[in-house]
Each structure stands twice: as structure tokens, then as C-alpha cells.
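For reference, the structure discussed in these notes is given below.
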Amino acid sequence: MRKQSLSVVLPTYNCAPLMARHLDSMDAWADLADEILVVDSRSTDGTLELIRNRLRHPNIRIIERDRGLYESWNEGIAATTGDWVYISTAGDTIEREHLLHLRELGERANADVVISPPRFVDENGVSLTDMSWPPHRIVASYGDGRPFTLSRMAAGLLAFTHFPSSLLGSSASNLYRGETLRSRPFACNFRGGGDTVWTMRNALSLCFCLTPRVGSAFCVHPKDDKKMSIDEAHAFMLSFSDEKSALARSISDAYPGQGWSALSAESVLFANTRNLIQKRRSELASGKSNPLKLFRWFGLTATFMWQRFRLSVHRRDISTRLIAKSLADTRHFQPVS
């Protein structure tokens, strides 16, 4: 049987302080890669020079482009040729045996994406408290201690209920089928939420495999993001909410007659709750010394708390009734040794 080829995409931008530890980690598994594509967004802190001096591989290519998080990912992914693609984001590390585990499991499960829960570390590699991302909660709730694939319906519902967090967790803990990823680029207009939107748009058409095995680490460090204004944040969340509503409609269309009223209700409640958050921020920002605006803020806060309670009830209903039902046809796989 032909060995499945592996492409690695290493996107970078002014991350020299993280790269020494990152490249040390890559030394342990870089020989597994058939090609490594470095996509650097014109770093000015010596990141690219460090990579050129430290990273040794017979098939390495360096792409320099303007800044853009998912734009860089997509350009690197488009240039890959491998059966599988690993995105090695700066500061996030993976163990050699875990990368092999993900690839072998992906082949056995015929998966499009293999997802694993990461550990969490700071910029110095010191362990941090578990942040309990969706992959952690999903494998704890449904995995029975073994790798498993999600039914299409389960994947859609889990992407829906965990929104705005991502079912993928950290892409540096996952492995993607190359053909799948090259034909489905990440959305670039959702700031750091491109993973979330990618999952929601593809949940009903791909095979997601999850493993409880932990063999990677996500580096928690300050994000270099421009702070959005209140109006920008409001518009951003509206576009996010539109994606959630679109997924609810897709689930209802794909599985008619299943009683999806809870999805529509949850979408409306989520949108209303996010609108209330923005209104509260706006009132507080402009009316700290205005009694009338403060009074309105207290009213909005009370409404927000009630909406949030209703939202939690709907999510609990979806999780306990609909997801449990849809997980009945998941296929379990024995852990790969």
C-alpha cells in the first residue's frame, strides 16, 4: 500500500521569540514530511532568517506575502501536494508519534479531518490549566475513550451548539486530508474565526474523526489584533450569526421531519443575545455619567440575563435530545498503537 504523503504548512509573522522552541519540536518529526511550505507575512523581527538558518529539509519552499492570517494559510495550503496537510502554527508543537497516530487514524477512518484535544502552554512552554475547548468536551462526552467518527448530523449539531468556539480546536492539533483542504479554503473575513466558519460550512459534507489521545500543545499568547470599535464588533457578530442561521437551515433541509424548531429558536436567541451585548457596551461607553443611559443599561442587562438563560435551556435541549439521537450511528475505532 502506498505511503500517504504529508505536507506541512508553517505560517509565520514576527514570531521569532516562539520559533526556537517550535523548530526544536519540528526536528523530531520533520523527516515525516514530504514537503514543508513556509509562508511568511514579511516579518521584520528576524523570524524568516531564523527559519532559514535552523530548518533543514530536502524539500522546503518559502513564500513571502502580505500580512493576513487565513490568507497565509490558504496560500500555503494551495501550494501543497500531499495526501495529508498539517498546519504547524508558531509556538504550537506536536509529538512525532501523535502525528503518525493522526495520519494512520485518518486512513483507517477514511476521514477528512482528524481532531485531537491539545494541552495548553505559555510562551515558555510551561503547562497551563486546561481551557476545555470543544474537542475536549466532545471526546469526554461521546468518545467512550476511543477514537470515533461523527455522523454528518452530529457534526452539524456540534458545530452549531459550540459556536462561536470551533469544533476543530487548534488546527496544530489536527490533520487534514489534502484534497479536502485544498478545495475548501478558510474564510478570511472573520478575523480569528475562520476555523469556526470553515467547520460550520463543511460539517454536513465531511467526515470528522476525533481521538482522545493528546500529543500536541497549544501556545497561549497575546493576539496581535486591532481592537474593533463597537459598531465593527456588532457588524462582525451579525455576520457570524448569519453563518449560524445558515447552518440551522442546512441541517433542517438535509434532515427534514426531525423536529428542528429548537435550532431556529436557538439561532434567534443567539442573535438577540449578541445584539444585547453590543447595546449594553454602547450604552455603558457613552453614558457612564448619564442617569438615563445607566437606567437603560440596567434594563438591557436584565433582559440579557433572561435571554442567556433561555439560550442555555435551548442548547441543553439540543445537546441531550438531538445530538444524542444523531450519535447513534457513529463508528468507533480502536486506538492505533
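Quick notes on this one:
- Residue match in segment 139-152 (condition: among the hydrophobic types (A, V, I, L, M, F, W, C), buried (at least 23 other Cβ atoms within 10 Å of the Cβ) and under 28 Å from ALA90 (Cβ atoms)): no
- In segment 32-39, the count of residues that are surrounded by fewer than 17 Cβ atoms within 10 Å (Cβ to Cβ) and under 25 Å from GLY215 (Cα atoms) is one or more.
- For segment 67-94, the candidate set comprises residues that are among the small types (Gly, Ala, Ser) and part of a loop (DSSP other than H, G, I, E, B); within that set, the residue that is modelled with the lowest pLDDT is GLY68.
- With respect to (1) in contact with a Ser or Thr (Cβ under 9 Å, 6 or more places away or on another chain); (2) surrounded by 15 or more Cβ atoms within 10 Å (Cβ to Cβ); (3) more than 27 Å from CYS209 (Cα to Cα), the lone exception for LEU55 is condition (1).
- Looking at ALA159, ALA154, just one residue is within 16 Å of PHE333 (Cβ to Cβ) and either at pLDDT below 85 or of a type in the set (A, V, I, L, M) (or both), and that residue is ALA154.
- The residues of segment 209-246 that are at pLDDT 85 or above and under 30 Å from GLU123 (Cβ atoms), listed by number, are LEU210, THR211, PRO212, ARG213, VAL214, GLY215, SER216, ALA217, PHE218, CYS219, VAL220.
- Looking only at segment 111-138, residues that are modelled with pLDDT of 95 or more and exposed (fewer than 14 other Cβ atoms within 10 Å of the Cβ) come to 0 in all.
- The requirement of being within 24 Å of ASP242 (Cβ to Cβ) and at pLDDT 90 or above is not satisfied by GLY178.
- Per-region count, segment 179-198, residues surrounded by fewer than 20 Cβ atoms within 10 Å (Cβ to Cβ) and under 15 Å from ILE115 (Cα atoms): 1
- Residues of segment 238-256 satisfying the condition of being assigned to a helix (DSSP H, G or I) and either in contact with a strand residue (DSSP E or B) (Cβ under 9 Å, 6 or more places away or on another chain) or farther than 13 Å from ASN189 by Cβ (or both): SER241, LYS244, SER245, ALA246, LEU247, ALA248, ARG249, SER250, ILE251, SER252, ASP253, ALA254
- Every test in (1) closer than 14 Å to ARG177 by Cα; (2) assigned to a loop (DSSP other than H, G, I, E, B) is passed by GLU104 save one, and that test is (2).
The values are calculated or read from the model by the stated rules, or taken from the named source; none is laboratory data. These figures come from a predicted structure and were not determined experimentally. Heads up, the Cβs are rebuilt from the backbone with ideal geometry, glycines too, and the neighbour counts pull from every protein chain shown.
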